[in-house]
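The structure appears below as structure tokens.
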Amino acid sequence: MDTQTKTLEPAQPERRRRTRRGEETRRALITAAVDCLSRTGYAATSVETVMAAAGVSRGSVLNLFPTRLALMSAAADAAMRAMVADTQARYESISDAAVKYRAMCDLFWDTQNIPESAAITEILLAARWDDALAAELRPIAQRIEIEIDRDIAAIAADAGAKDVTACIVHARILILSLRGITIELMYDPARDIIHRALDRIRAEHQAHCDEMGIPAC
């Protein structure tokens, strides 16, 4: 028994070190995948491209992500979580509940323009043609949407909104509309009509705030 104990004890810290290194490698690969998706698009984000960007060996990649689908799924999860965290940080920078709710359109717009948002757009567009990718995205999106709805409900309630459910629906419409605007501006950022549409969305958000009884700033 003593011999077994002496033999096993040194292996435990080594196992923990391997796990820690594996987690660091996993994060590096996901970060590289999100960056590649944002910069070069879904089609160009191959396992080999991500591997080279992260400086990771093929064996390490295959050990963590046996398929491209597994890597893209993990990248989508990380990017969506990064977008939620970005918006939450913007919320937290505003103390007044009414000001926070009225600023929602601009806060969403700022988040829609971070690199992780572009990565998500690329994955969503690719999922239109890839049933396996779409199946992977559904549970990820559902978890994120629950978190978004929870945040909106809390902010709307704190701001004194008349109809919290209507606020949740409105927030979904805002997110979808702003994502469409970012796609339109990807190939021509100077399109005046699209910027006018964005201004209209902002104005409609303020009208919604008035309807919900949110005090004017």
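The values are calculated or read from the model by the stated rules, or taken from the named source; none is laboratory data. Everything numeric in this text was worked out from a predicted model, so none of it was measured. Glycine gets a Cβ as well: all are built from the backbone with ideal geometry, and neighbour counts include every protein chain shown. Heavy atoms of the whole protein, side chains included, go into the accessibility calculation; ligands, DNA and RNA do not. Shrake-Rupley method; radii C 1.70, N 1.55, O 1.52, S 1.80 Å.
Collect the residues in the range 90-109 that are assigned to a helix (DSSP H, G or I) and either in contact with a Phe, Trp or Tyr (Cβ under 6 Å, 6 or more places away or on another chain) or open to solvent by 10 Å² or more (accessible area, probe 1.4 Å) (or both), keeping them in residue-number order.
Matches in the range 90-109: ARG90, TYR91, GLU92, ALA97, ALA98, VAL99, LYS100, ARG102, ASP106, LEU107, PHE108, TRP109.
Would you mind stating whether ALA161 is assigned to a helix (DSSP H, G or I) and under 27 Å from ALA203 (Cβ atoms)?
no
Does ILE146 fit the bill of being among the β-branched types (Val, Ile, Thr), free of Cβ contacts under 8 Å to residues at least 24 places away in the same chain and over 13 Å from SER73 (Cα atoms)?
For ILE146, the condition - among the β-branched types (Val, Ile, Thr), free of Cβ contacts under 8 Å to residues at least 24 places away in the same chain and over 13 Å from SER73 (Cα atoms) - is met.
Among the listed residues ILE214, ILE120, which satisfies the condition of being of a type in the set (A, V, I, L, M, F, W, C), farther than 17 Å from ASP77 by Cβ and at pLDDT 95 or above?
Answer to the check: ILE214.
Starting from residues that are more than 29 Å from ILE194 (Cα to Cα) and in contact (Cβ under 8 Å) with a residue 40 or more places away in the chain, keep the ones in the range 149-178 and report whichever is surrounded by the most Cβ atoms within 10 Å (Cβ to Cβ).
Residue satisfying both the conditions and the ranking: ALA161.
So which residues in the range 110-123 are open to solvent by 20 Å² or more (accessible area, probe 1.4 Å), within 24 Å of ARG200 (Cβ to Cβ) and either small (Gly, Ala, Ser) or not in a loop (DSSP other than H, G, I, E, B) (or both), if there are any at all?
The answer is ASP110, ALA118.
Just to be sure, is ILE214 within 22 Å of SER117 (Cα to Cα) and open to solvent by less than 60 Å² (accessible area, probe 1.4 Å)?
no
Out of the residues in the range 44-80 meeting the condition of being without any contact (Cβ under 8 Å) to a residue 12 or more places away in the chain and under 21 Å from the mean Cα position of the chain (by Cα), tell me which one is surrounded by the fewest Cβ atoms within 10 Å (Cβ to Cβ).
Of everything passing the filter in the range 44-80, ALA44 is surrounded by the fewest Cβ atoms within 10 Å (Cβ to Cβ).
For the range 104-122, indicate whether the set of residues that are free of Cβ contacts under 8 Å to residues at least 12 places away in the same chain and under 30 Å from MET212 (Cβ atoms) is non-empty.
no
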